[in-house]
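Enquirer: Below you'll find the structure I mean.
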Amino acid sequence: MIEFSMMTDAQLVIYFGRIERGLQLSVLRTLRNKAMLGRDVVYARVDGRPFVMPAREALRIYEASATSGERR
């Protein structure tokens, strides 16, 4: 377990940046695999209701948001 109280602000930024990048890569790999297999993905609307879309479309949107800097 990591002791956050012992980390400097700069170390925390690096640490959480690595976590964020790992999550982004995981999402990207999952979408690419599902798109390659022709599968759908399930997302939730703001009100919590689920909706389904083709993984190819989700991948296109995800990659577009990455290039525009929109994704956080």
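Enquirer: How about region 42-72: which of its residues are within 13 Å of the chain's Cα centre (by Cα), outside any helix (DSSP H, G or I) and at pLDDT 95 or above?
Expert: 43
Enquirer: Name the residue, out of 48, 17, that is surrounded by fewer than 10 Cβ atoms within 10 Å (Cβ to Cβ) and of a type outside the set (Val, Ile, Thr). Walk me through how you get there before you give the answer.
Expert: On the way: 17 fails: surrounded by fewer than 10 Cβ atoms within 10 Å (Cβ to Cβ).
Matching residue, one of 48, 17: 48.
Enquirer: Please determine whether any residue of region 28-37 is assigned to a loop (DSSP other than H, G, I, E, B) and either at pLDDT 95 or above or open to solvent by 80 Å² or more (accessible area, probe 1.4 Å) (or both).
Expert: yes
The values are calculated or read from the model by the stated rules, or taken from the named source; none is laboratory data. Being a predicted model, the structure only gives us computed values, none of them experimental. Backbone-built Cβ (ideal geometry, glycine too); neighbour counts: all protein chains shown. These area figures cover heavy atoms from the full protein model, side chains too; ligands, DNA and RNA do not enter into them. Shrake-Rupley method; radii C 1.70, N 1.55, O 1.52, S 1.80 Å.
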